[in-house]
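> Pasting in a structure now, in structure tokens, and then I'll have a few things to ask.
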Amino acid sequence: MRAFCFHAKIQGMTVRMRHTSSHTKNRRSHYKVRVMSAVKCAKCGVAALPHKVCQNCGFYKGREVVDVLKKLTKKERKNKEKELAESKPAEA
Ligand SMILES: [Zn+2]
């Protein structure tokens, strides 16, 4: 009786195609690390990712999207405002 149950379990298993190490390597040949491209932010001139909000000033496509000063302390905010004011000539 026990042997019969074991046999039924085996029948339920899936049948797989032959999978060689070569097949695995062929598939993985397309996996590679790409070099991240960076563009200069039009607002502040810092290197930023293309099509992403600038992490330094929070601007995207000429308008402010993220308020970068919001989470800073009073002292940090003062320094950041000063830093952003200095980088303004890049816009003009
Ligand atoms: Zn920026």
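> With 21 Å as the limit, write out which pairs from LYS43/LYS82; LYS52/LYS75; LYS43/LYS70 have Cα-Cα distances beyond it, or answer none.
Details: LYS43/LYS82 14 Å; LYS52/LYS75 27 Å; LYS43/LYS70 19 Å.
Beyond 21 Å between Cα atoms: LYS52/LYS75.
> Which distance in nm do the two modelled labels at SER37 and ARG63 give, with both placed 7 Å along the Cα-to-Cβ direction?
2.6 nm
> Report ³J(HN,Hα) in whole Hz for each residue of the range 26-32, in order, from the Karplus equation J = 6.51 cos²θ - 1.76 cosθ + 1.60 where θ = phi - 60°; Gly and Pro get x.
4, 5, 6, 5, 8, 7, 8
> Only Cα pairs under 8 Å and at least 6 apart count here; give the relative contact order of the range 39-90 as a rounded whole percent.
Values: 51 pairs, mean separation 16.9, N = 52.
Worked out over the range 39-90, it gives 33 percent.
> OK, next. Spelling out what I want: for every residue of the range 52-62, take phi, set θ = phi - 60°, compute 6.51 cos²θ - 1.76 cosθ + 1.60 (Karplus), and round to whole Hz; glycine and proline get x.
Each residue's phi maps through the Karplus curve to give 10, 5, 5, 6, 7, 10, x, 9, 9, 6, x Hz.
Bear in mind that the values in this text are calculations on the coordinates, not laboratory data. Computed from a predicted model, the values in this text were never measured in an experiment. FYI the Cβ positions are ideal-geometry reconstructions off the backbone, even for glycines, and counts take in every protein chain you see.
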